[in-house]
Amino acid sequence: MRMLINVPETVVADALRGFAAAYPDLTVDVENRVIVRRDAPVAGQVGLVSGGGSGHEPLHGGFVGPGMLSAACPGEVFTSPVPDQMARAAAAVDSGAGVLFVVKNYTGDVLNFDMAAELAEDEGIQIAKVLVDDDVAVTDSLYTAGRRGTGATLFVEKIAGAAAAEGQPLERVEAIGRKVNENSRSFGVALSACTTPAKGSPTFDLPDGELELGIGIHGEPGRERRPMMTSGEIADFAVNAVLEDMPPRDPVLLLVNGLGATPLLELYGFHAEVQRVLRERGVSVARTLVGNYVTSLDMAGASVTLCQADEELLRLWDAPVRTPALRWGM
Amino acid sequence: MLDADFFRRWMTATAASVDREAERLTALDSAIGDADHGSNLQRGFTAVTAVLEKEAPQTPGAVLTLAGRQLISTVGGASGPLYGTLLRRTGKALGDAAEVGTERLAEALRAGVDGVMTLGGAAPGDKTMIDALVPAVDALATGFAAARAAAEEGAQATTPLQARKGRASYLGERSIGHQDPGATSSALLIAALADTAEADGE
């Protein structure tokens, strides 16, 4: 395995040093692993903090800035951050208006953010949480950890971030975040496993000529394995899996997301097929994003996320944003 | 009777065992999780040995509470809060006593395991660390060796189970046939306890 790294132990710290040098608009605490927008806390605005394992870049650090996250906490590769990081981030961004934690539904993230909320509340910071669980590949039942949080995290962070930037109060920002999650669904497909620096070999074995349907974003295998399909067949499968779970009413926000190792040439082609399926199913697309946003290291493959957007969500989606990975209108 | 020094040696023995077995834990995790259980616990217990040396807590309860807090602050993932809670709750239940007996330790460990079950929402049979810890605590009344055997047996018994908690649960039926990494590391923790006691002639 060849990787552009020094040693596995310092991968995250090295990446943060490089990130800091590239984005002087952000304050990066490399030692404590907290990325904060430089002008935080912003008076009168709710702070938005997210975080999770590293290896999903640009998620979450790439979404810190005006109009989106106030701070992000990167953990070890595919391992959630520790409570001290989120508590530190909350203290850095709280202007007195409270802080919203955006948490992907993975056991480690949930537990650490819960503990962080306790720590922050002990310091007198008001905390609310939105749990993102959009992945239709996982059955939600009493006997599982529930659906995973994947691509919809980007929609939640952008739209709740816009609500916070408008000066809306914590309960409102939280409610909007929940609404985005409830109206979002995702499905992912892997054409290859990914390789974590610590392990140095693929996290699961995917033979040539096969693909894994319904994967998450941590290199864990998906819900079934099939012989390789064409881009069009994959689009049919993924979009239908999403629509089966959420028959659309409103125009949708569409995210066609690369998992890290699939070039834009393939993603754009796949996007054309996704648009075709949506057209055939009578779903109108209000806005589209194509690119690598919620990745899984060097995994090849893509995920499709749809969010039903009413006028309010659409207005907040279009609101200005300035972050390393997402910027428009400012 | 077991004093603070005993508990410090238990933690050091666990750290050494996690070091030795890190690759096996990661290999188990690679089958049904995301291949980092070994390196994550290694990072945590290395930090635990360092902080115990630096702060030298004076009671058994204080040793475990500090160790638990250190795990929560360094491990991340699900293992950090779960192992951290196990040790912190056990430490709290031990109170300020300068020395504790086996019976008191068994009671305190039970409180710790209850804390883990509440936090993670897992029950026996869900293919988690609980499957090693619950039988170990039950057996501790009989002695340290019995606890070690029960934990190891409990860990091995997770192989045919389908995971219902944590990342492995996303695999559904495909999690069957693999021993749970969390139950395996829990068996290491209990084995280190038994080794430390035996070295003491307890």
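So the values come out like this:
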{"item": "Only one of A:ARG148, A:ARG223 that is under 17 Å from A:VAL130 (Cβ atoms) and modelled with pLDDT under 95", "result": "A:ARG148"}
{"item": "Within region A:75-99, tally of residues that are open to solvent by 20 Å² or more (accessible area, probe 1.4 Å) and either touching a Gly at 6+ places or on another chain (Cβ under 7 Å) or away from every other protein chain (no Cβ under 14 Å) (or both)", "result": "8"}
{"item": "Some residue of region B:52-63 being open to solvent by less than 10 Å² (accessible area, probe 1.4 Å) and within 14 Å of another protein chain (Cβ to nearest Cβ)", "result": "no"}
{"item": "Some residue of region B:2-22 being in contact with a strand residue (DSSP E or B) (Cβ under 7 Å, 6 or more places away or on another chain) and surrounded by fewer than 20 Cβ atoms within 10 Å (Cβ to Cβ)", "result": "yes"}
{"item": "Positions within region A:131-181 being closer than 20 Å to A:ILE217 by Cβ, among the acidic types (Asp, Glu) and open to solvent by 10 Å² or more (accessible area, probe 1.4 Å), in sequence order", "result": "A:ASP133, A:ASP140"}
{"item": "Residue that is without any contact (Cβ under 8 Å) to a residue 40 or more places away in the chain, under 22 Å from the mean Cα position of the chain (by Cα) and under 30 Å from A:VAL99 (Cα atoms), where the choices are A:ARG172, A:ARG148", "result": "A:ARG172"}
{"item": "Among residues of region A:250-266, those that are among the hydrophobic types (A, V, I, L, M, F, W, C) and surrounded by 20 or more Cβ atoms within 10 Å (Cβ to Cβ), counted", "result": "6"}
{"item": "Test: residue in region B:64-82 that is touching a residue at least 40 places away in the same chain (Cβ under 8 Å), in contact with a Gly (Cβ under 7 Å, 6 or more places away or on another chain), under 18 Å from B:ALA194 (Cα atoms) and part of a helix (DSSP H, G or I)", "result": "yes"}
{"item": "Pairs with Cβ under 7 Å, 6+ apart, first in region B:12-23 and under 24 Å from B:LYS54 (Cα atoms) and part of a helix (DSSP H, G or I), second open to solvent by 40 Å² or more (accessible area, probe 1.4 Å) and at pLDDT 95 or above", "result": "B:ALA13/B:ASP195; B:ALA15/B:THR46; B:VAL18/B:GLN42; B:ASP19/B:GLN42"}
{"item": "Identity of the residue in region B:128-168, surrounded by fewer than 24 Cβ atoms within 10 Å (Cβ to Cβ) and among the polar types (S, T, N, Q), that ends up nearest to B:SER186 (Cα to Cα)", "result": "B:GLN156"}
{"item": "Every residue from region B:154-175 that is in a helix (DSSP H, G or I), more than 15 Å from the chain's Cα centre (by Cα) and modelled with pLDDT of 95 or more", "result": "B:GLN156"}
{"item": "Qualifying position, being surrounded by fewer than 20 Cβ atoms within 10 Å (Cβ to Cβ), in contact (Cβ under 8 Å) with a residue 24 or more places away in the chain and over 20 Å from A:PHE155 (Cβ atoms), among A:ALA43, A:ALA21", "result": "A:ALA43"}
{"item": "Matching residues, region B:27-55, being touching a residue at least 12 places away in the same chain (Cβ under 8 Å) and either within 17 Å of B:GLY91 (Cβ to Cβ) or touching a His at 6+ places or on another chain (Cβ under 6 Å) (or both)", "result": "B:ASP29, B:ALA31, B:ILE32, B:ASP34, B:GLY44, B:PHE45, B:ALA47, B:VAL48, B:THR49, B:VAL51, B:LEU52"}
{"item": "Positions within region B:96-132 being of a type in the set (D, E, K, R) and in a helix (DSSP H, G or I), in sequence order", "result": "B:GLU103, B:ARG104, B:GLU107, B:ARG110, B:ASP114, B:ASP131"}
{"item": "Of all residues in region B:113-127 being crowded, with 18+ Cβ neighbours inside 10 Å and in contact (Cβ under 8 Å) with a residue 40 or more places away in the chain, the one that is nearest to B:ASP29 (Cα to Cα)", "result": "B:LYS127"}
{"item": "Boolean, B:THR85 is of a type in the set (Ser, Thr, Tyr), crowded, with 20+ Cβ neighbours inside 10 Å and touching a residue at least 24 places away in the same chain (Cβ under 8 Å)", "result": "yes"}
{"item": "2 or more residues closer than 21 Å to B:SER169 by Cα and more than 14 Å from chain B (Cβ to nearest Cβ): qualifying strands (runs of 3 or more DSSP E) within region A:184-274", "result": "A:184-190"}
{"item": "Residue count for region B:78-97, restricted to those that are within 7 Å of chain A (Cβ to nearest Cβ) and more than 15 Å from the chain's Cα centre (by Cα)", "result": "0"}
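For every residue, the table says whether it meets (1) over 20 Å from the mean Cα position of the chain (by Cα); (2) outside the structural domain of A:ALA193 (by the TED database); (3) more than 30 Å from A:PRO202 (Cβ to Cβ).
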{"residue": "A:ALA13", "(1), (2), (3)": "yes, yes, no"}
{"residue": "A:ARG17", "(1), (2), (3)": "yes, yes, no"}
{"residue": "A:PRO24", "(1), (2), (3)": "yes, yes, yes"}
{"residue": "A:VAL34", "(1), (2), (3)": "no, yes, yes"}
{"residue": "A:ALA43", "(1), (2), (3)": "yes, yes, yes"}
{"residue": "A:LEU48", "(1), (2), (3)": "no, yes, yes"}
{"residue": "A:HIS60", "(1), (2), (3)": "no, yes, no"}
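The values are calculated or read from the model by the stated rules, or taken from the named source; none is laboratory data. This structure is a prediction, so every number in the text was calculated from the model and none was measured. Backbone-built Cβ (ideal geometry, glycine too); neighbour counts: all protein chains shown. What goes into the accessible areas is simple: the full protein's heavy atoms, side chains included, and nothing from ligands, DNA or RNA. Shrake-Rupley method; radii C 1.70, N 1.55, O 1.52, S 1.80 Å.
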